[in-house]
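Student: Sharing a structure, written as structure tokens. Questions coming.
The values are calculated or read from the model by the stated rules, or taken from the named source; none is laboratory data. Source: prediction; values computed, not measured. As a convention, Cβ positions derive from the backbone with ideal geometry for all residues, glycine included, and neighbour counts pool all protein chains shown. Just so you know, the surface numbers come from the protein's heavy atoms only, side chains and all, with ligands and any DNA or RNA stripped out. Shrake-Rupley method; radii C 1.70, N 1.55, O 1.52, S 1.80 Å.
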Amino acid sequence: MSYSTFNRKKFDSMKEPMFFGENVNVARYDQQKHPIFEKLIEKQLSFFWRPEEVDLSNDRKDFQKLEEHEKHIFLSNLKYQTLLDSVQGRSPNVALLPIVSLPELETWIETWSFSETIHSRSYTHIIRNIVNDPTLIFDDIVTNEEITKRADSVSKYYDNLIEMVNLYNTMGFGTFNIPGKGDIEITMPKLKKALYLTVASVNVLEAVRFYVSFACSFGFAERTLMEGNAKIIKLIARDEALHLTGTQHMMNLMASGKDDPEMAIIAEECKDDVRDIFIEAAEQEKEWATYLFKDGSMIGLNAQILGQYVEYITNVRMQAVGLDTYFETKHNPIPWINAWLVSDNVQVAPQEAEISSYLVGQTDNSLDDSDFDDFDL
Amino acid sequence: MTSTSKPESLEKKEQVHRVLIGKKQILVTEEEPLLVQLERAGIHVEYQCREGYCSSCSIKLLWGNVCYPFEPLAWVQSGYLLACCAIVKSDIEIAFFD
């Protein structure tokens, strides 16, 4: 079945599954099968921010004062974050929009991906501010072996799903010979499995990989270095917390069978695969920590501590999607990270100091002439 | 008539419940979410958003009741509670990692 940008069929979108049902036609939000996605959209919109709001002039001075091995830690971490958001700024759209079947989920995917593009823009903002030639940094992301290894593992599930959906949309079900790749079998259970594993790997990306990189960014700020950068990362962390809630909801809705009974069977079958995705990512992140600190550690953070944090955060995230914890580390080795991650003290304008998600233009439209009765001029 | 309503509201305000965490026990009220009361008692709990969307403060609820004045955005698994927005409604027992 081929994708249509406006499905002409008349159907009840309240009865569609999240994915692989009818293509969405009318973008309507007055009724929602899963209202959570509408709530996530509203929350994400209330978080809107722009990187240029954060002044980075002190970061340039701080960066020049860093020791060589600290510059390596800072820049490598930034390159990794750039890679992750390059993937996230497009992939949910490319992979999930052609197969989504609910208007509120479709819009959540677009809103989610859009916010990742703001993150990408903020890395450019940071890099432009601290080095004279950003090209050197950006070029290294596609050539540095330590980074490209990560690119493979964060993009392979997306790429596989996209390839299968392309085949499905052009050829339908069957086994197709793809030059260079051999036979690829397209069935609905196989498509759903590819989808489930993709969502799981995205959850790992957002809930584990990103947090490891946040730890490094905040490690500098703990020493009152690169604080502008930390402010930006704080805003990014607030968005990511919301995104990972989105993917956790998708995974848990799929696993519960409430959305699509067949998906529950697939989720059950994939339990070991998902577990392996978490463990593999954690091992990669620990390897990455060794690479970051290869020339020396920094006060408060080294490969061992970051490795323990990887184990700890992986346990937390596995538990959140109903898996048993895997690692021994049961305590957060860097409890100071919470003070940086907490969103309720993200810098805000004075009039909105009470809440970080301030809604603009909240006016009372129910005023009546009689409300002015006691006004004397 | 007025004398009966006064003690009732007073009683409601001072509703105190026990929270068991391993061998520790603390007393909490229904006035505030569990997280701030745990922190005040010196118990370290993970947190991030403190408004129910990140699920960092998800804690195992072994028994007892909690309620949420606002439905949190985060997925609350059965058998767990979100400390940042849960109001304790009875004596409860909680656990961090098993």
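Student: Among A:Gly322, A:Gly307, A:Gly182, determine the one that fluctuates most according to a GNM of chain A built with springs between C-alpha atoms less than 10 Å apart.
Tutor: Sorting by GNM fluctuation, first place goes to A:Gly182.
Student: Among A:Thr247, A:Thr224, A:Thr111, whose mean-square fluctuation peaks in a Gaussian network model of chain A (Cα, cutoff 10 Å)?
Tutor: A:Thr224
Student: Which of A:Asp30, A:Asp139, A:Asp59 ends up with the largest GNM mean-square fluctuation for chain A, with Cα atoms connected below 10 Å?
Tutor: Of the options given, A:Asp30 has the highest mean-square fluctuation.
Student: Moving to a separate point now. Which percent of the accessible area of chain A is formed by carbon and sulfur heavy atoms (probe 1.4 angstrom)? Walk me through the intermediate numbers first.
Tutor: Numbers: 8580 of 17020 Å².
On chain A, the fraction of accessible area on carbon and sulfur atoms equals 50 percent.
Student: Quote the total accessible area buried by chains A and B together, excluding ligands, DNA and RNA, probe 1.4 Å, nearest 100 Å².
Tutor: Numbers: alone 18060 and 6820 Å², together 22570 Å².
Roughly 2300 Å².
Student: Just to be sure I follow the definition: excluding the sites themselves, where is the longest run in chain A that has none of the GluC sites (Glu not before Pro) in a DSSP loop with at most 14 other Cβ atoms within 10 Å?
Tutor: With GluC sites (Glu not before Pro) excluded where exposed in loops, chain A gives A:68-327 as its longest stretch.
Student: Related question: Excluding A:Ile265 itself, what net charge comes from residues whose Cβ is under 15 Å from its Cβ, given Lys and Arg +1 and Asp and Glu -1? Kindly include the intermediate steps, with their values, before the conclusion.
Tutor: Numbers: positive: A:Lys190, A:Lys192, A:Lys193, A:Lys258, A:Lys271; negative: A:Asp259, A:Asp260, A:Glu262, A:Glu268, A:Glu269, A:Asp272, A:Asp273.
Within the 15 Å Cβ shell, the charges total -2.
Student: Anything in chain A that counts as a DSSP H helix reaching 27 Å or more along its axis (C-alpha) with Kyte-Doolittle mean of at least 0.0? List them, would you?
Tutor: On the way: long enough: A:68-91 (34 Å, -0.74); A:103-130 (41 Å, -0.52); A:145-171 (37 Å, -0.61); A:227-256 (42 Å, -0.04); A:271-292 (31 Å, -0.82).
Long hydrophobic helices here: none detected.
Student: Let a ≥ b ≥ c be the square roots of the eigenvalues of the Cα gyration tensor of chain A; is it rounded (a/c under 1.5), or, if not, prolate (a/b larger than b/c) or oblate? Kindly include the intermediate steps, with their values, before the conclusion.
Tutor: On the way: a/c = 1.80, a/b = 1.10, b/c = 1.65.
Oblate.
Student: Measuring from centroid to centroid over Cα atoms, what is the spacing of the range A:123-180 and the range A:71-97 in Å?
Tutor: Here the two parts' Cα centres lie 9 Å apart.
Student: Calculate, in whole percent, how much of the Cα-Cα pair population of the range A:18-130 lies beyond 21 Å. List each step's numbers first, then the result.
Tutor: Working: 3180 of 6328 pairs.
Here the tail beyond 21 Å accounts for 50 percent of pairs.
Student: I would also like to ask the following. Please check chain A for the longest run free of chymotrypsin sites (Phe, Trp or Tyr not before Pro) that are loop-located per DSSP (anything but H, G, I, E, B) and have at most 11 other Cβ atoms within 10 Å. The partial results should precede the final answer.
Tutor: Values: sites that count: A:Phe6, A:Phe375.
Maximal segment without exposed cleavage sites: A:7-374.
Student: Still on this structure, I have one more. So, counting K/R as plus one and D/E as minus one, what does the shell of residues with Cβ under 12 Å around A:Tyr291 add up to?
Tutor: On the way: positive: A:Lys79, A:Lys149, A:Arg150, A:Lys286, A:Lys294; negative: A:Glu145, A:Glu146, A:Glu285, A:Glu287, A:Asp295.
Summing Lys and Arg as +1 and Asp and Glu as -1 gives 0.
Student: Taking Cα pairs under 8 Å and at least six residues apart, what relative contact order does chain A come out at, in percent? Display every interim value, and only then the final one.
Tutor: Values: 448 pairs, mean separation 70.3, N = 377.
It comes to 19 percent, rounded to a whole number.
Student: Further question on the same structure: Counting only heavy atoms of protein chains, what accessible area per residue, in Å², does the range A:39-345 have with a probe of 1.4 Å? Before the final figure, lay out each step's value.
Tutor: Details: 11540 Å² over 307 residues.
Ligands and nucleic acids excluded, the result is 38 Å² per residue.
Student: So what is the orientation-averaged projected area of the range A:273-326, using the convex hull of its C-alpha atoms, in nm²?
Tutor: Numbers: hull surface 14.3 nm².
The directionally averaged projection comes out at 3.6 nm².
Student: Report the one residue of A:Leu83, A:Phe19, A:Val94 whose Cα lies farthest in the direction of the positive end of the charge dipole of the range A:9-139 (charges on C-beta: Lys and Arg +1, Asp and Glu -1; origin at the Cα centre).
Tutor: Highest projection toward the positive end goes to A:Phe19.
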